[in-house]
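A.B. asks: Input: one structure, supplied below.
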Amino acid sequence: MMKDSEFPPVNSPSINRDDKNMAVLSHLLPLFGFMVPGLSIVIPLLIWLWKRDSSPYIEHHARESLNFQITLALLIAVWVALKLMLVGLLLLPLVPIIAIVVLIFMVRAAMKAGNGEFYRYPMTLRLVN
């Protein structure tokens, strides 16, 4: 795992267009998880396992996406448990707000990946190293 100080400069020649495209996909393809549960974790996991040894850039972005999606899954599990206990009255208005924030984080990460920049999701558990 690379530390922040070890990241190559933005638009480094070692980061080619294919790497950037795959990094973007690792952030955007988990959106299919809204339609098919579990895909949001499986897609970045597969990209991470496939490319982690060949491209540090793709490895970083796929790992970040995977950690973000795992964090979201844990938060959703806590939300469902709280909803069942509190009958959902207090937590229901938060759902659209949280969905918008998650979408903004994912699009921002994809934009940074497309520009050749390294990105770290805020407020994310770093479970996969």
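The values are calculated or read from the model by the stated rules, or taken from the named source; none is laboratory data. Just so it is clear, the structure is predicted and the values come from calculations on it, not from any experiment. Don't worry about glycine lacking a Cβ; one is built from the backbone with ideal geometry, like all the others, and counts go over all protein chains shown.
A.B. asks: Would you be able to say whether some residue in the range 48-61 is loosely packed, with under 14 Cβ neighbours inside 10 Å and in contact with a Leu (Cβ under 8 Å, 6 or more places away or on another chain)?
C.D. replies: There is no residue in the range 48-61 that is loosely packed, with under 14 Cβ neighbours inside 10 Å and in contact with a Leu (Cβ under 8 Å, 6 or more places away or on another chain).
A.B. asks: Same structure, new question: Among the residues that make up the range 82-100, is at least one of them among the basic types (Lys, Arg), modelled with pLDDT of 90 or more, surrounded by 13 or more Cβ atoms within 10 Å (Cβ to Cβ) and part of a helix (DSSP H, G or I)?
C.D. replies: no
A.B. asks: Can I ask one more? Since Ala77 meets every condition but one in (1) modelled with pLDDT under 85; (2) farther than 24 Å from Phe118 by Cβ; (3) not β-branched (Val, Ile, Thr), which condition does it not meet?
C.D. replies: That leaves (1) as the condition not met.
A.B. asks: Next up: Provide a single number: the residues in the range 27-72 that are assigned to a loop (DSSP other than H, G, I, E, B) and at negative phi.
C.D. replies: Selection size over the range 27-72: 7.
A.B. asks: Looking at (1) surrounded by 13 or more Cβ atoms within 10 Å (Cβ to Cβ); (2) closer than 16 Å to Leu25 by Cα, which is the one condition that is false for Ile104?
C.D. replies: The failed condition is (1).
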